[in-house]
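Engineer: The structure under discussion is supplied below as structure tokens; questions concerning it will follow.
No value in this document is a laboratory result; all are computed from the given coordinates. Please read these numbers as outputs of a predicted model, since none were measured by experiment. Because the Cβ atoms are built from the backbone with ideal geometry, glycine has one as well, and the counts that use them run over all protein chains shown.
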């Protein structure tokens with residue numbers, strides 16, 4: 001084991017003592033899920049740092065673009081995959097890969113914004129119920145964890161995405177009803193299926209948090225979230241990622257405080273669903289792109305969330321014929337320095353987890369892995 005890894009392993013071994021000293025009551029951990037028999041990754045732990053694949057603007061093989069990207073993400077050593085899904089059957093090739101945690105957009109649309117008709121209610125409930133039941137039934141033996149949610153909810157809530165206005169009351173009411181219906185469908189499926197290893201959770205995604213927190217605007221985080229029984233909240237966190245670390249943590253505390261308590265889940269239930277700066281925003285400088293995004297990741301990790309997801313593996317935005325560069329692999333199939341950093345981080349996580357299991361006969365929880373990853377990235381990783 002390298003000296004850096006040996007030093008960082010102390011984070012795991014000291015973490016329970018430090019956490020108790022900092023809090024009166026430690027946060028419960030996400031349940032660790034076992035992997036199927038995959039030789040290179042025989043056990044699962046919450047990896048925390050991940051990436052995603054949505055609407056790639058290019059590809060290099062005969063595979064569909066998202067599947068190709070998912071293969072690339074897996075090759076990095078990532079245990080996390082975030083994608084869009086039309087059905088459970090569509091997920092089949094992705095389930096065969098050694099991912100342990102899947103974050104899924106499912107039925108992410110604004111059909112409900114003018115009110116839920118009886119027919120829309122029936123369709124939404126049935127689709128969510130059957131999707132959840134299918135995941136729990138077909139994939140229980142894999143021991144994988146699924147988070148079912150949607151794209152940035154505040155853009156659905158704000159007509160014309162006008163950030164100068166409050167969300168209208170009728171849309172707020174419709175969104176609350178939409179979420180209640182989705183949650184009931186998932187709860188009903190979880191109650192009916194006798195699953196043991198697989199886990200399915202819901203999440204709601206917010207993206208205009210600072211409008212509510214600093215300006216008092218009516219947004220999803222303060223007008224909708226407190227009325228929901230959702231399992232987790234995802235934060236597409238571009239509106240806070242460049243703030244000082246203390247302000248980032250305060251923002252995440254604010255989001256988390258809007259969630260009604262829910263038994264059996266961690267005290268911190270905010271996932272960072274999207275974050276990151278594009279290649280273009282970093283002036284096309286690979287070293288700068290790696291450094292600035294590494295700093296963003298460490299700020300979020302310092303709050304100890306269950307997940308932080310970089311946007312994304314292949315770029316999806318092209319403006320006036322130019323790639324904006326939300327990527328880890330560019331449109332010429334060149335891997336960025338940030339790709340190398342995250343690949344090295346995953347290898348370091350695996351080694352540290354194996355060492356911890358050897359010493360303590362257990363695997364790290366999500367807060368321990370967040371702390372390890374933060375320290376590894378802050379220390380400069382493999383550089």
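Engineer: Could you work out the helix-only [θ] at 222 nm for the chain, with each DSSP H run of four or more residues adding -39,500 (n - 2.57) and the total divided by the number of residues, to the nearest 500 deg cm²/dmol?
Structural biologist: -13500 deg cm²/dmol
Engineer: Using a Gaussian network for the chain with springs between C-alpha atoms less than 10 Å apart, which of these wobbles most: 145, 137, 196?
Structural biologist: Of the options given, 196 has the highest mean-square fluctuation.
Engineer: If you don't mind, another one. Neighbour counts of other C-beta atoms within 10 Å: give me 87, 278, 234 arranged from fewest to most.
Structural biologist: Placing the least packed residue first, the sequence is 87, 278, 234.
Engineer: Here's a follow-up. How would 73, 172, 80 line up from fewest to most surrounding beta-carbon atoms within 10 angstrom?
Structural biologist: Starting with the residue having the fewest Cβ neighbours, the order is 172, 80, 73.
Engineer: Can I ask one more? Considering only 170, 355, 68, give the residue with the highest GNM mean-square fluctuation for the chain, with springs between Cα atoms whenever their separation is below 10 Å.
Structural biologist: Of 170, 355, 68, the most mobile in the Gaussian network model is 170.
Engineer: Please say if the chain is rounded, prolate or oblate, where rounded means a/c under 1.5 for a ≥ b ≥ c the square roots of the C-alpha gyration tensor eigenvalues, and otherwise the choice is prolate for a/b larger than b/c and oblate otherwise?
Structural biologist: rounded
Engineer: Please find, in a Gaussian network model of the chain (springs between Cα atoms separated by less than 10 Å), the residue of 98, 364, 64 whose mean-square fluctuation is greatest.
Structural biologist: Looking only at 98, 364, 64, the biggest GNM fluctuation is shown by 64.
Engineer: I'd like the distance between the alpha-carbon centres of the stretch 47-72 and the stretch 308-325, rounded to an integer number of Å.
Structural biologist: When both Cα centres are located, 12 Å separates them.
Engineer: Cut-off is 10 Å between beta-carbons; in what order do 243, 277, 345 appear when sorted fewest neighbours first?
Structural biologist: Least to most surrounded, the residues fall as 243, 277, 345.
Engineer: For the residue pair residue 61 and residue 187, what label-to-label distance in nm results when each label sits 7 Å from Cα along the Cα-to-beta-carbon direction?
Structural biologist: 4.2 nm
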